[in-house]
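A.B. asks: Here it is, the structure, as structure tokens.
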Amino acid sequence: MTCDAPAAEAGTGSTPWRSYGTKRRSTRTVRVRVSAALVAVTVLAVLLVPPLAQLDQQAVDLAAELQPPSWAHPFGTDDLGRDLLLRCVYGLRVSLLVGLVAALVATVIGTAVGAAAGALGGWADRCVMRVVDTLSSVPHLLLGIFIVALFRPGVVPVAVSVAATHWLSTARIVRAEVLSLRSRPYIDAAVSGGASRWRVAVRHLLPAVLPQAALAAVLMVPHAMWHESALSFLGLGLPAHMASLGNLVQSARSSLLAGQWWPTLFPGLFIIVPTLAIAGLAGAWRERINPRRRSELML
Amino acid sequence: MPEQPLLELRAVTAGYDRRAPAVRNASLTVAPGEAVGLLGPSGCGKSTLARVAALLHRPDSGTLLLDGAPVRRWRHRAPRAQRTTVGVVFQQPRLSADPRLRLTDLIAEPLRATGRREDVPDRVAELAAAVGLTPDLLGRRPHEVSDGQLQRACLARALVLRPRLLICDEMTAMLDASTTAALVAAVEDYRTATGAGLLAVGHDHTLLKRWCDRTVHWDDVTSGTSGTSLEPSVPSAM
Amino acid sequence: MGHPSSIGADAVTERTPVLSVRGLSVRFLMPGGRRVAAVTDAHFDVAPGECLALIGESGCGKSVLASALLGLLPANAQSAGSARLGGLDLLTADEKTLGRTVRGRLIGLVPQSPAAHLTPVRTIRSQLEETVAALTGVRGRAAVRAAARAAAERVAFPAGHLDRHPHELSGGLAQRAATALALVGDAPLLLADEPTTGLDRDLVDRTVDELRRHVDAETGDGTGRGLLMITHDLAAAERIADRVAVMYAGRIVELTDARRFFGSPGPRHPYSRGLLQALPDRAFTPIPGMPPELGDLPGGCAFAPRCPRATGACAALPPVTDGLACHHPLPASGAEELRSTTPAPENARA
């Protein structure tokens, strides 16, 4: 060891500090920023355009049917001469609403069922999980069509049908998480400290699975939007006059064959882009909530 | 009639697989106020026995008596008063602490769980001082403190309900010498003040011989029947 | 045996250290602009055939030091100083160099928990064979197989257990398997990070004795291996180490001969003395208080608030003299003797 005054302490600027791993971080940051910007634009458009725009999205102008994109109609017009940009924003609004409601309901059901199965264990767990397995073995869309067909077309039946077919995966995720947590010593310590079954579930297990469940919910929003679009496309979802993204694509089918690409492309983009943006944000969030990452300081 | 033991385990067989129990036919007593060290190699099943003694794991067979009264129910089913008679500290503080709770809440949790909210400020301050935690550490979450600091909080949590028996399962195996000595001193201060009994489980003879009134070896506890590690060791302890 | 590394083409003597660390500092930049000084200005050497034990309590920065040497610091870390191994500075080497020439070939890592270090779904034999094929020039199925068996033999791993999976092994055998993997590349430096945590005393003794054997064994170029063992287990350190470095709050506060440290005259830094006195076979008394936060270190001696000998002088950072950073060290009987018997090569300082 040398007796020289330590060079490293003073810190700021005087010593040549070397950094690590900056490059990987920046690409991730870019992805997150782009996703966040896209989600923000989507949300703003959906919230602000309908009340601010004086235009009527249902205004039919048969003289201007199927016009390609222009300054007056940036996305062109559909077969009834309606402005596609406006229709897409309204459609996104409906689809997003269905997606959010369905994801919320599915997550609440899934978390409750999964947490109960995991926390109770034994026979209750086995019974519940067999039901989940059985339901999962039926194709989602088929089950969804069945449920929708029971009701009159509208937003509520579609949201219910998507929620009813999508809580299964959340239940599985939450149950697996609860099962792995249940054997942790900190649960033992809580039991030894006199905590009731209810208190252990509510205070120690549920808060631990909520981030996972919330992540599943966020990822389910685009999924539910896809389902809504699929149901509407099949003519079973929302009433045909309602501007949902699925309805827009559906009604554009015939014009696509005639070479008019815009009535299909733009609603399609409105389905894909928010989906990717939400998935991008959720991916970044998943990395953040991983507790192993948070304690990377190795102390 | 001789003094009634605080804890008595009679011919306890326990484990996670009935065909290959981690503990076979183990018997052990702890008298009131006595400190017993249970020595055994790692993976021998002594942690399972500690969990049985803390009413956290139901044995396959055998009897557990607390204050002479047989224990018939385990975990949540055990009466709360019986459960809280025993305080327990585990080997790995990281896994024993709910990562979302600040250290204050970690220590206070048993008080809240048993409806003694009003005692929280006094008891937490008292115990934090006893285990050597400073006030600024109490406001932090587990990932913001070191293993040693977290284990101090876990010990405080085990003591917060004033248990009459403390079970320390390899409490200091991950810690440095000074923290080990500090934690042992905190346990001994508590025992001097309250006359509580201690079952310290570990593999370090030097430590347990110095710490406890009496040490027993795992082979003697399981008397003859081999509970010790057969070569393909069953990862039973954790 | 084709030695892949180079201790340096320039005159390899007994005295040339395997690893030479100068002014190594590591800090973490935390959210909110906070700086955590995990390691500050570490200087030490590890000579061939020597074991240096780096001891200190958890959170003192010793694991961070190991990560820095292996190039495994997280993205929010910054480092300064140098750590020369052969002709290479480990701190400036890029990931490619570290992956291809350092890990396994220049530094063999003996992990903290072998059970987690070994791949659970593959047998010990297949892991050894893979490592042999990756790190050595051995080619051909039969040759690789034989080399893997030889690697197992070297650590006395029973051949009958080679086809088992990690979970079918006892703690001791898993430790041996991990050690066998660390030795395959015939690296001049072994780095053992808490190799004895959670092991029984007997197993601790066996593990460190085996490590000692590998330090003393001849390597390809006729010198011994160097071993840097990071541990909080003072008994294990006493059993194996030639020299001891005591780390406190990110700094090495004492670096001295192991026999003198554990025997007579004993450690000279009040912290080291306190650490030894906390052992259950000594006074079993803790050092009062707790170590300071690495993110909020005092300007002077970091140990002063807990030190029974602290004076006004301790408000200034103590210089490192004779491997000791303290304003008022405990008296050493015969400082002359200290110098003459300490085998450490870097004590002949520049």
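The values are calculated or read from the model by the stated rules, or taken from the named source; none is laboratory data. What you see is a predicted model; the values in this text were computed from it and never measured. We place every Cβ from the backbone using ideal geometry, glycine too, and count neighbours over all the protein chains shown.
A.B. asks: What residue, among those in segment A:115-132 that are hydrophobic (A, V, I, L, M, F, W, C) and within 28 Å of the chain's Cα centre (by Cα), is modelled with the lowest pLDDT?
C.D. replies: A:119
A.B. asks: Just checking, does segment A:106-119 include any residue being out of contact with any Lys or Arg (no Cβ under 6 Å at 6 or more places or on another chain) and within 14 Å of chain B (Cβ to nearest Cβ)?
C.D. replies: Checking segment A:106-119: at least one residue is out of contact with any Lys or Arg (no Cβ under 6 Å at 6 or more places or on another chain) and within 14 Å of chain B (Cβ to nearest Cβ).
A.B. asks: Sticking with this one: For the subset of segment A:78-102 comprising residues that are within 23 Å of the chain's Cα centre (by Cα) and basic (Lys, Arg), which member is farthest from residue A:154 (Cα to Cα)?
C.D. replies: Only one residue tops the list, namely A:87.
A.B. asks: Which is touching a residue at least 60 places away in the same chain (Cβ under 8 Å) and crowded, with 24+ Cβ neighbours inside 10 Å, of A:100, A:84?
C.D. replies: A:84
A.B. asks: Restricting attention to segment C:41-60, report how many residues are modelled with pLDDT under 85 and either surrounded by 24 or more Cβ atoms within 10 Å (Cβ to Cβ) or more than 7 Å from every other protein chain (Cβ to nearest Cβ) (or both).
C.D. replies: 3
A.B. asks: Does segment C:172-189 contain any residue that is under 30 Å from residue C:37 (Cβ atoms) and within 14 Å of chain A (Cβ to nearest Cβ)?
C.D. replies: Within segment C:172-189 (the criterion being under 30 Å from residue C:37 (Cβ atoms) and within 14 Å of chain A (Cβ to nearest Cβ)), the answer is no, since none of the residues qualifies.
A.B. asks: Output the qualifying pairs, or none if there are none: Cβ atoms under 8 angstrom, residues six or more apart or on different chains, first residue in segment A:181-201 and facing another protein chain (nearest Cβ under 7 Å), second residue acidic (Asp, Glu) and in a loop (DSSP other than H, G, I, E, B).
C.D. replies: Cβ pairs passing all conditions: A:186/B:98; A:190/B:98.
A.B. asks: Does any residue in segment C:288-301 that is closer than 20 Å to residue C:28 by Cβ come within less than 6 Å, Cβ to Cβ, of a residue that is surrounded by fewer than 20 Cβ atoms within 10 Å (Cβ to Cβ) six or more places away or on a different chain, and which pairs are these?
C.D. replies: That search, which allows pairs on different chains as well, returns C:295/C:34.
A.B. asks: Within segment C:228-270, how many residues are buried (at least 23 other Cβ atoms within 10 Å of the Cβ), farther than 19 Å from residue C:320 by Cβ and small (Gly, Ala, Ser)?
C.D. replies: Residues flagged as buried (at least 23 other Cβ atoms within 10 Å of the Cβ), farther than 19 Å from residue C:320 by Cβ and small (Gly, Ala, Ser) within segment C:228-270 amount to 3.
A.B. asks: Can you name the helices (runs of 4 or more DSSP H) wholly within segment B:93-156 that have at least 3 residues being more than 11 Å from chain A (Cβ to nearest Cβ), of a type in the set (Val, Ile, Thr) and closer than 17 Å to residue A:192 by Cα?
C.D. replies: Result: empty, no element qualifies.
A.B. asks: Any residue in segment A:30-49 that is among the charged types (D, E, K, R) sitting within a Cβ distance under 6 Å of a residue that is surrounded by 14 or more Cβ atoms within 10 Å (Cβ to Cβ) and assigned to a helix (DSSP H, G or I)? List the pairs, counting only those 6 or more apart or interchain.
C.D. replies: A:31/A:280
A.B. asks: Let me ask you something else. Quick one: would you say residue C:116 is small (Gly, Ala, Ser) and either more than 14 Å from chain B (Cβ to nearest Cβ) or in contact with a strand residue (DSSP E or B) (Cβ under 9 Å, 6 or more places away or on another chain) (or both)?
C.D. replies: So residue C:116 does not fit the description; no.
A.B. asks: Which of the residues that make up segment C:179-201 are closer than 28 Å to residue C:61 by Cα and outside any loop (DSSP other than H, G, I, E, B)?
C.D. replies: C:179, C:180, C:181, C:182, C:183, C:189, C:190, C:191, C:192, C:193, C:201, listed by residue number.
A.B. asks: Select from segment A:144-180 the residues that are in contact (Cβ under 8 Å) with a residue 40 or more places away in the chain and either more than 24 Å from the chain's Cα centre (by Cα) or surrounded by fewer than 16 Cβ atoms within 10 Å (Cβ to Cβ) (or both) and list them in ascending order.
C.D. replies: Correct list: A:149, A:154, A:176, A:179.
A.B. asks: Oh, and also: Can you pull out the residues in segment A:81-101 that are more than 26 Å from residue A:165 (Cα to Cα), part of a helix (DSSP H, G or I) and among the charged types (D, E, K, R)?
C.D. replies: Within segment A:81-101, just A:87 meets the criteria.
A.B. asks: When segment C:38-47 is examined, which residues are found to be farther than 15 Å from residue B:144 by Cα and in a strand (DSSP E or B)?
C.D. replies: C:39, C:40, C:41, C:42, C:43, C:44, C:45, C:46
Yes/no per residue for (1) free of Cβ contacts under 8 Å to residues at least 40 places away in the same chain; (2) under 22 Å from residue B:222 (Cα atoms); (3) in a loop (DSSP other than H, G, I, E, B); (4) within 11 Å of chain A (Cβ to nearest Cβ):
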residue: B:43; (1), (2), (3), (4): no, yes, yes, no
residue: B:47; (1), (2), (3), (4): no, yes, no, yes
residue: B:50; (1), (2), (3), (4): no, yes, no, yes
residue: B:57; (1), (2), (3), (4): no, yes, yes, yes
residue: B:62; (1), (2), (3), (4): no, yes, no, no
residue: B:65; (1), (2), (3), (4): no, yes, no, no
residue: B:73; (1), (2), (3), (4): yes, no, yes, no
residue: B:81; (1), (2), (3), (4): yes, no, no, yes
residue: B:87; (1), (2), (3), (4): no, no, no, yes
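A.B. asks: Now a separate question. Among the residues that make up segment C:226-236, is at least one of them at pLDDT below 90, part of a strand (DSSP E or B) and of a type outside the set (Ser, Thr, Tyr)?
C.D. replies: No, every residue in segment C:226-236 fails to be at pLDDT below 90, part of a strand (DSSP E or B) and of a type outside the set (Ser, Thr, Tyr).
Here's the yes/no breakdown for (1) at positive phi; (2) in contact with a helix residue (DSSP H, G or I) (Cβ under 8 Å, 6 or more places away or on another chain); (3) at pLDDT 90 or above:
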site	(1), (2), (3)
B:85	no, no, yes
B:91	no, yes, no
B:100	no, yes, no
B:107	no, yes, yes
B:111	no, yes, yes
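A.B. asks: Which pairs do you get when a residue that is farther than 15 Å from residue C:173 by Cβ, found in segment C:112-131, comes within reach of a residue that is among the charged types (D, E, K, R), reach meaning Cβ atoms under 7 angstrom, with the pair 6+ apart or on two chains?
C.D. replies: C:112/C:193; C:112/C:194; C:129/C:145
A.B. asks: I've got another one for you. Which of the following residues is farther than 23 Å from residue B:196 by Cβ, in contact with a strand residue (DSSP E or B) (Cβ under 8 Å, 6 or more places away or on another chain) and acidic (Asp, Glu): B:98, B:105, B:60?
C.D. replies: Only one candidate passes the filter, namely B:60.
A.B. asks: Identify, from the list C:292, C:280, C:286, the residue that is more than 9 Å from chain B (Cβ to nearest Cβ) and either assigned to a loop (DSSP other than H, G, I, E, B) or under 26 Å from residue C:83 (Cα atoms) (or both).
C.D. replies: When all the criteria are applied, what remains is C:292.
A.B. asks: For residues in segment A:70-114 being over 30 Å from residue A:136 (Cβ atoms) and touching a Phe, Trp or Tyr at 6+ places or on another chain (Cβ under 6 Å), which is modelled with the highest pLDDT?
C.D. replies: Here the residue is A:88.
Listed here are the residues, each with its yes/no results for (1) closer than 28 Å to residue C:231 by Cβ; (2) at the interface with chain C (Cβ under 8 Å from one of its Cβ atoms).
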residue: B:171; (1), (2): yes, no
residue: B:175; (1), (2): yes, yes
residue: B:178; (1), (2): yes, yes
residue: B:188; (1), (2): yes, no
residue: B:198; (1), (2): yes, no
residue: B:201; (1), (2): yes, no
residue: B:210; (1), (2): yes, yes
residue: B:213; (1), (2): no, no
residue: B:216; (1), (2): no, no
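A.B. asks: Could you check segment B:160-187 and list, in sequence order, the residues that are surrounded by fewer than 24 Cβ atoms within 10 Å (Cβ to Cβ) and free of Cβ contacts under 8 Å to residues at least 12 places away in the same chain?
C.D. replies: Within segment B:160-187, B:185 is the sole residue that qualifies.
A.B. asks: Scan segment B:1-29 residue by residue and report those that are part of a strand (DSSP E or B), surrounded by fewer than 24 Cβ atoms within 10 Å (Cβ to Cβ) and either of a type in the set (D, E, K, R) or touching a residue at least 60 places away in the same chain (Cβ under 8 Å) (or both).
C.D. replies: Once the filter is applied, which keeps residues that are part of a strand (DSSP E or B), surrounded by fewer than 24 Cβ atoms within 10 Å (Cβ to Cβ) and either of a type in the set (D, E, K, R) or touching a residue at least 60 places away in the same chain (Cβ under 8 Å) (or both), segment B:1-29 yields B:8, B:10, B:24, B:25, B:27, B:28.
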